[in-house]
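To start, the structure itself, in structure tokens.
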Amino acid sequence: MRGEGNRSPNYLFDASRRKAIQEGYWESDPGDTVEDASDLFYGVDEQDETSIPTADESDEVQEEIDAGVRVNTDGELHQAQGLMGEFNYKRDDGNWGIEVYLETVQALAAHYPDEADEALSGGFM
């Protein structure tokens with residue numbers, strides 16, 4: 001995140017927060033207690049890398065696929081990870097992951113030639 005007009009992101013947030021409070025559309029009570037917000041898993045989705053999707057989520061994915069929406073299933077993602085081999089997708093590229101993302105798209109485009117034009121032209125970006 002960056003600032004604008006020679007102002008820091010923190011200043012911009014605080015200034016907009018104060019304006020919102022003055023105009024009456026900022027709730028000063030965030031709604032969560034300090035105890036809740038102090039929980040180790042506060043803000044973490046119930047689904048993570050080790051979770052198995054619930055039946056409802058699988059049904060929703062299938063509905064999107066049936067409707068013609070392009071959806072990557074877990075099987076497709078695992079297949080793509082296998083094709084990438086030892087690729088270090090968690091490395092810090094110094095560009096907020098953009099370089100890692102672009103390298104990934106280019107590498108996978110070589111493995112999926114039918115979708116390569118769309119991927120490389122920005123269809124997946």
### Message
Go through (1) modelled with pLDDT of 80 or more; (2) within 19 Å of the chain's Cα centre (by Cα); (3) assigned to a loop (DSSP other than H, G, I, E, B) for Ala80 and report which single condition fails.
### Response
(3)
### Message
Under 7 Å between Cβ atoms, which residue pairs at least 6 apart in sequence (or on different chains) link something in the range 56-79 that is closer than 20 Å to Val105 by Cβ with a partner that is assigned to a helix (DSSP H, G or I) and at pLDDT below 80?
### Response
Val71/Val61; Val71/Glu64; Val71/Ile65; Thr73/Val61
### Task
Could you list all residues from the range 1-24 that are in contact with a helix residue (DSSP H, G or I) (Cβ under 9 Å, 6 or more places away or on another chain) and either modelled with pLDDT of 80 or more or not charged (D, E, K, R) (or both)?
Met1, Gly3, Gly5
### Message
Given the criteria of a type outside the set (Lys, Arg), under 22 Å from the mean Cα position of the chain (by Cα) and at pLDDT below 75, does Ser28 qualify?
### Response
no
#### Entry: Residues (closer than 24 Å to Val61 by Cα and surrounded by 14 or more Cβ atoms within 10 Å (Cβ to Cβ)) located in the range 80-108
Ala80, Tyr101, Thr104, Val105, Leu108
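The values are calculated or read from the model by the stated rules, or taken from the named source; none is laboratory data. This structure is a prediction, so every number in the text was calculated from the model and none was measured. Note: ideal-geometry Cβ built from the backbone for every residue, glycine included; neighbour counts use all protein chains shown.
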